[in-house]
Every structure is written in structure tokens, then in C-alpha cells.
Amino acid sequence: MSNFLKLIRFPNLLIIALVQYVMRYFIVEPILGINRIKLQFSDVYFAILVVATVCMAAAGYIINDYFDTKADRFNKKDVIVGRKITRRVALLMHQVLTGISILLGGYVSYSVGHWQFVFIFFMAGGLLWFYSTSYKYYFLLGSILMAMLVAAVPLLVVIYEIPPLNKTYADVLLASKTNFNYLMYWVGAFSFFAFFGVLIGQFIRDMLSLKGDREIKRKSLPAVIGLKWAKVIIVVLILFLSASVFGVWYEFLNAPVDKITPWYFGILIILPLILLAYRVIKFKEGELFKMGKFLLRFAFLAGISYAFVVNYIVNKL
């Protein structure tokens, strides 16, 4: 069982589920509550959506390890597929989890009156397969694709919430000539942060896996342009993300009554990102980079956890 949990990256799956629940109950629900509007996508259907998302992510981890054993051996990682779990069993697990995800995704898509949403899960399954078999070997393609898939996780919450909201409040929307697109802006900000956070993480992982990537001829960022220029790009992305966080506060959240956000952003997100940029600059091939990975994870979780601050501020107002 422990090998299976390692294979599917169980802690990461918990974070995925947590992100979706946080988006629903600490962002979408309080924002709607300002106008005395209630969630319409049922808790049961939402739980099924979360399980579908988690199953797809688990299937993606399995198939990635299935095709990545050679590089993992070169990078001295703990190889599970082929050693602790047979390749046949791993492939079967991937197929079962992908199938469960698509079936559950289809069920909740039908429940909100948009059966075509099931293609989101079909597409995710296909992209994860092709990422593992080929896309990750192309320059930038794999890293950008993975960042997009992670960024889609919080957006699913809004995609499945808006149709029942539109149905229930159709008369109100027609009379007021409004819509629920503002939910996309709120959750989209978290997806934006997740996209660049994961992209930076992918490039840092490429720095640490440079030896293995060279052996399997994977065209990762540092393998193609060299470690020095890869570090430059990573630092630029970190500074861009830091500036974006500051810009969001300055343009949209800079309210006199909110004394928490500027300190939260500055100390818990921007400061760790700046320290991460410094660690990247000082990085040398072969280092373990434990502090750098910790700083990135800390800033990423702090960014997602800002949803709790939003919930507090909204309820306070």
C-alpha cells in the first residue's frame, strides 16, 4: 500500500482536493453571499467532481512514472514501477483510474445539464498520456502543458457551479443584465498564480534532473539553453510572479479596511519568492536544492491559502 501511495503522490492528491474545496467554500460561496446568492451545485455532486479530478491526477502520476523509469534511475530517484510494482499492474491501475475519472466526470457533467463537459476529462486523460510518452521530451511543451493542467484544477469549481447558478437565478440575471463571470476572475487569479508557480517548479525540477534528461535526450530548458540561461529565465519568471502578486493587490485589493493582504502578500508570498530567486542564482549542478524546493512550495501553498483571508475579509465586511 505504501508503494501505491508513493506512486500516486498521495500528499499532492490531498492538496488538489483541498484546493477545490477551498475555492468552493472560501472564495465562491462568500463572494456569492455578498449578493445573498447561494451555491447551487450540490455538495454530493461537487464531492464526485473532486474524486474525478483526483483520480485523473493519480492516473497521470502513474503513467508518467511508467514511462520515466530510465531517467529516474539516472537521477537516483526512488523507482517504483518495475521494481516495487510491476509495469503491467501500474498500467492497469492507470487505465482503471482514468476510466473512473471519465465516468464520474461524465456523471456530474450530465447533472449540470452540460454533458459535453465530460470532454474536459477525456482531454485531460489524453494530454497526460501524451505528456508522459512524448510531449515532455519537447522543448517547453511539456512544462507549459503541465502548468496548464494544474491551473485548470481550481477553474473546474467555477465551470461546474455557473450552469446551475444561471438556471436558478435566470430571472434575476435577466432583470439586472448581469452574469456570474466575476467568479471566473476571482478563481482565475488563483489559477494564474498556480500556472506560473507550477511552471517555475517544472523548470527547477529540470535543473535538478539535468543529468537524466541528457541521458534520455529530453529537451528540457537547461538541457537546450544551458544551466546559466535557464537560471536567468527562472529568476525572471519568479520576479514576474512576484510583481503580479503586488499588482493584483495594488489594482484590485488595495482597500483601506484591509490591513491583512499587503502583509500577507509581502511576507508569505513575495519574500519567499525573492529568496527562491536568490537560491536559483546560487544553484550549482549536482546540489540537492532542498531549501529552494521548500521556498517554492511554501509560496505556492501561501498563495492558495489566501482564499482563507478572502473569506475572513468578506465575512467581516
- Item | Where a residue in the stretch 174-197 is without any contact (Cβ under 8 Å) to a residue 40 or more places away in the chain and closer than 18 Å to residue 309 by Cα and its partner, wherever it lies, is hydrophobic (A, V, I, L, M, F, W, C) and not in a helix (DSSP H, G or I), with Cβ under 9 Å and at least six apart | none
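Condition check: under 23 Å from residue 194 (Cβ atoms), surrounded by fewer than 18 Cβ atoms within 10 Å (Cβ to Cβ) and without any contact (Cβ under 8 Å) to a residue 24 or more places away in the chain. Does residue 148 satisfy that?
On the way: under 23 Å from residue 194 (Cβ atoms): yes; surrounded by fewer than 18 Cβ atoms within 10 Å (Cβ to Cβ): yes; without any contact (Cβ under 8 Å) to a residue 24 or more places away in the chain: no.
When the stated conditions are applied, residue 148 does not pass them.
For residue 138, state whether it is touching a residue at least 12 places away in the same chain (Cβ under 8 Å) and of a type outside the set (A, V, I, L, M). Steps first, answer last, please.
Numbers: touching a residue at least 12 places away in the same chain (Cβ under 8 Å): yes; of a type outside the set (A, V, I, L, M): yes.
So residue 138 fits the description; yes.
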- Query: Restricting attention to the stretch 227-240, does a residue exist that is of a type in the set (Gly, Ala, Ser), at pLDDT below 95 and at positive phi?
  - Reply: no
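Residues are listed down the side, and each one gets a yes or a no for (1) over 21 Å from the mean Cα position of the chain (by Cα); (2) not charged (D, E, K, R):
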{"position": "193", "(1), (2)": "no, yes"}
{"position": "199", "(1), (2)": "no, yes"}
{"position": "219", "(1), (2)": "yes, no"}
{"position": "233", "(1), (2)": "no, yes"}
{"position": "237", "(1), (2)": "no, yes"}
{"position": "256", "(1), (2)": "yes, yes"}
{"position": "260", "(1), (2)": "yes, yes"}
- Residue satisfying condition, being within 20 Å of residue 220 (Cβ to Cβ), surrounded by fewer than 17 Cβ atoms within 10 Å (Cβ to Cβ), basic (Lys, Arg) and without any contact (Cβ under 8 Å) to a residue 24 or more places away in the chain, within set 290, 284, 259: 284
- Query: Which one of the conditions (1) in contact with a Leu (Cβ under 9 Å, 6 or more places away or on another chain); (2) more than 28 Å from residue 13 (Cα to Cα); (3) at pLDDT below 90; (4) of a type outside the set (A, V, I, L, M, F, W, C) does residue 259 fail to meet, given that it meets all the rest?
  - Reply: (1)
- Task: All but one of (1) exposed (fewer than 15 other Cβ atoms within 10 Å of the Cβ); (2) modelled with pLDDT under 90; (3) β-branched (Val, Ile, Thr); (4) part of a helix (DSSP H, G or I) hold for residue 267, so report the exception by its number.
- Result: (2)
- Among the residues of the stretch 170-214 satisfying the criterion of being surrounded by 14 or more Cβ atoms within 10 Å (Cβ to Cβ) and outside any helix (DSSP H, G or I), which is modelled with the lowest pLDDT? 209
- Message: Given the options 231, 167, 217, name the one that is over 26 Å from residue 15 (Cα atoms) and part of a loop (DSSP other than H, G, I, E, B).
- Response: 217
- Task: Looking only at the stretch 161-171, count how many residues are over 30 Å from residue 245 (Cα atoms) and free of Cβ contacts under 8 Å to residues at least 40 places away in the same chain.
- Result: 3
- Are there any pairs, at least 6 apart or on different chains, whose C-beta atoms fall under 6 Å, with the first in the stretch 7-23 and in contact (Cβ under 8 Å) with a residue 40 or more places away in the chain and the second surrounded by 15 or more Cβ atoms within 10 Å (Cβ to Cβ) and outside any helix (DSSP H, G or I), and if so, which? 7/80
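The values are calculated or read from the model by the stated rules, or taken from the named source; none is laboratory data. Remember, it's a predicted structure, so these values are computed and weren't measured experimentally. Here Cβ is always computed from backbone atoms with ideal geometry, including for glycine, and neighbour counts include all displayed protein chains.
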